Amino acid sequence: MAATRILVVEDEFLIALDIAGVLEQAGLAVIGPAGTVGDALQAIEREEVHGALLDAHLAGEPVGCIADALKARGIPFAFVSGYGPEQLPPAHRGAPLVRKPFTGRDLLAAVAHF
């Protein structure tokens, strides 16, 4: 099954809108955007999620628990961050990373691997 329902986890409103716009123009359904760890975990629990784009830092909150929840459910994800892999949660440093600033092509390439 192709990933068609993508959870966007991003605390910066304009970046979240940019990501959502790229995904929607490509015909994908956007869940969220979730701007907090709590909102993201609720979306994972309540929604049918096929993949996720996850900001590596949510207003100082660690995002490892979101990555853990996605992995536990077998939901593929990629981090979207201006930081390098060394700043990602240690257990998830092997996850795909889309570097900020990104292009729409960068985001869609990541989602294509879900």
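The values are calculated or read from the model by the stated rules, or taken from the named source; none is laboratory data. As the structure is a prediction and not an experimental result, all values here were calculated from the model. Here the Cβ is made from the backbone with ideal geometry for all residues, glycine too, and neighbour counts use every protein chain on show. Ligands, DNA and RNA are excluded from the accessible area calculation, which covers all protein heavy atoms including side chains. Shrake-Rupley method; radii C 1.70, N 1.55, O 1.52, S 1.80 Å.
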Practice task
Summarise the accessible area of the chain (1.4 Å probe, protein heavy atoms) by the percent that is carbon and sulfur.
Solution key: 54 percent
Exercise for the section: At 20 °C and 1.002 mPa s, grab the translational diffusion coefficient of the chain from Stokes-Einstein with a Kirkwood Rh over Cα pairs, rounded to a whole number in µm² per second. Expected result: 158 µm²/s
Practice task
Find the relative contact order for the chain and round it to a whole percent, using C-alpha pairs within less than 8 Å whose residues are 6+ positions apart.
Solution key: 26 percent
Fill in the blank from the handout: Here, LEU14 and GLU47, labelled 7 Å along Cα→Cβ, have an inter-label distance in nm of 2.3 nm
Handout entry: Simple Cβ-charge dipole of the chain, Lys/Arg +1 and Asp/Glu -1, about Cα centre, in debye nearest 20
Key = 380 debye
Completion exercise
Mean accessible area per residue over the chain (1.4 angstrom probe, all protein chains present, square angstrom) is 52 Å²
